[in-house]
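The values are calculated or read from the model by the stated rules, or taken from the named source; none is laboratory data. Just so it is clear, the structure is predicted and the values come from calculations on it, not from any experiment. Cβ sites come from the backbone with ideal geometry, for glycine too, and all protein chains shown count toward neighbours. Heads up: the accessible areas ignore ligands, DNA and RNA and are worked out on the full protein's heavy atoms, side chains in. Shrake-Rupley method; radii C 1.70, N 1.55, O 1.52, S 1.80 Å.
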Amino acid sequence: RGILAEPLLYVSPYFERRRPEYYASLQSVRERGTFSEWIAFFLRAVETQALDAVKRAESLLGLGEEYRRRLRERKVRGGALQLADHLIANPYVTTTRTADLLGVTTQGAAYAVRQLVEAGIVTDVGRVGRAQLYVCRDVLDVLQAP
């Protein structure tokens with residue numbers, strides 16, 4: 001219905017971890033019509049993945065608060081704070097993308113990124129094409145945790 005731009009709950013990882021049970025449940029529905037068992041299995045997947053999503057969201061919100069605290073202690077303001085908030089949604093940044101995101105010059109973007117590097121929030125991971133790429137490993141760790 002266009003309410004969400006993208007899905008926020010992914011049940012596929014649950015099914016992947018339980019592939020034999022998943023296929024057995026589907027086969028049971030096909031052979032014996034055990035829809036109630038399949039629905040129960042599917043609802044366990046939804047519950048498990050929803051709880052996981054909440055846990056990850058809380059972790060990301062905590063990281064955002066930690067980054068703001070760390071930057072305030074360093075008396076950092078402006079673009080670096082905005083960029084730190086943006087990292088929660090997308091842990092990869094370049095100076096060019098930062099300039100577009102913040103509506104500042106490339107020099108202003110480089111300064112904001114440098115402040116995050118100095119605060120230990122992002123790490124320089126090298127070049128991608130002509131752009132220098134920085135990553136927020138803490139956010140990646142939350143997103144990629146099993």
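The figures follow:
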{"read-out": "Of the DSSP H helices in the chain, those whose Cα atoms cover at least 30 Å axially and whose Kyte score averages -1.0 or more", "value": "35-73"}
{"read-out": "At 1.567 mPa s and 4 °C, Stokes diffusion of the range 1-57 via Kirkwood alpha-carbon radius, µm² per second", "value": "103 µm²/s"}
{"read-out": "Dipole moment magnitude, nearest 20 debye, the chain about Cα centre, only Lys, Arg, Asp, Glu C-beta charged", "value": "340 debye"}
{"read-out": "Charge sum, other residues only, whose C-beta stays under 15 Å from A24's C-beta, Lys/Arg counted +1 and Asp/Glu -1", "value": "+2"}
{"read-out": "The range 1-44: chymotrypsin sites (Phe, Trp or Tyr not before Pro) in DSSP loop, at most 13 other beta carbons within 10 Å", "value": "Y10"}
{"read-out": "Percent carbon-and-sulfur accessible area, the chain, ignoring ligands, DNA and RNA, probe 1.4 Å", "value": "55 percent"}
{"read-out": "Spin-label model distance (nm) - I39 vs E65, 7 Å beyond Cα toward Cβ", "value": "3.9 nm"}
{"read-out": "Accessible area of T48 in the full protein assembly, 1.4 Å probe (Å², nearest 10)", "value": "50 Å²"}
{"read-out": "Computed accessible area, R17, all protein chains, 1.4 angstrom probe, square angstrom", "value": "140 Å²"}
{"read-out": "Probe 1.4 Å - accessible area at E73, Å² to nearest ten", "value": "120 Å²"}
{"read-out": "Dipole of the chain, positive end: most advanced residue of P146, V125, P13 [Cβ charges, Cα centre]", "value": "V125"}
{"read-out": "Descending semi-axes in whole angstrom, ellipsoid equivalent of the chain, from the Cα gyration tensor", "value": "42, 16, 13"}
